[in-house]
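The values are calculated or read from the model by the stated rules, or taken from the named source; none is laboratory data. Keep in mind it's a predicted model, so treat the numbers as computed, not measured. A quick note on method: Cβ atoms are made from the backbone with ideal geometry, for glycine too, and the neighbour counts reach across all protein chains shown.
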Amino acid sequence: MNHKEKLLDRMNGRELFLAVLAQAKRKFTFSIQNFVVLDNHFHLLIQPGKGENLSRIMHWVLGVFAMRLNRLLGLWGHVWGDRFRSWIVEDISARLRVFCYIERNAVAAGLAKRPCEWQSSAAFHWKAGIHLIVGPPPPGYPVDG
């Protein structure tokens, strides 16, 4: 977020971001293997579909969210402090490291005791059976973890 403000923590900002992600999934072809939305940033493990462009997807998500959040909060101007950053995660061990980092992010930030307790995370969505943003958990994933 711009100036590290906790805008996602205000006026249902995290829920708004998740709603924009769900809308993006209807507009573009991509899958999200893991996610967490905190108070001032988010992490996504995302796989664009064939012929899709990650930059195009993220530009749409970040732009639509910024316009809606500004309208909701009565603000104007930049919401995000920087362009999104992305890395190609090809091998399975790197993918597992990124998956676990995202999984533990809310716990590491002191926002939850277990990943599945943080409502704005894939772990919570898997435990609750919510599949608007993320599909079913990976095989062997401990849904109650």
Condition (residue is at pLDDT below 90, surrounded by 17 or more Cβ atoms within 10 Å (Cβ to Cβ) and either closer than 29 Å to K127 by Cα or of a type in the set (S, T, Y) (or both)) applied to segment 14-34: is it met by at least one residue? yes
Does segment 70-80 contain at least one residue that is of a type outside the set (S, T, N, Q), out of contact with any Gly (no Cβ under 8 Å at 6 or more places or on another chain), at pLDDT below 95 and buried (at least 17 other Cβ atoms within 10 Å of the Cβ)? yes
Criterion: assigned to a helix (DSSP H, G or I) and either modelled with pLDDT of 90 or more or closer than 23 Å to H131 by Cβ (or both) - qualifying residue of V89, V64: V64
Can you name the condition, by its number, that A106 falls short on among (1) in a helix (DSSP H, G or I); (2) under 15 Å from the mean Cα position of the chain (by Cα); (3) modelled with pLDDT under 95? (3)
Looking only at segment 28-43, count how many residues are touching a residue at least 24 places away in the same chain (Cβ under 8 Å), part of a loop (DSSP other than H, G, I, E, B) and over 14 Å from E15 (Cα atoms). 1
Go through L44, L38 for me and flag whichever is modelled with pLDDT of 95 or more, within 9 Å of the chain's Cα centre (by Cα) and either within 22 Å of W87 (Cα to Cα) or crowded, with 20+ Cβ neighbours inside 10 Å (or both). L44
Just to be sure I understand the filter: pairs with C-beta atoms under 9 Å, separated by 6 or more residues or on different chains, first member in segment 44-55 and outside any strand (DSSP E or B), second member hydroxyl-bearing (S, T, Y) and at pLDDT 95 or above. Which pairs pass? G49/T29; G49/S31; K50/T29; G51/T29; E52/T29
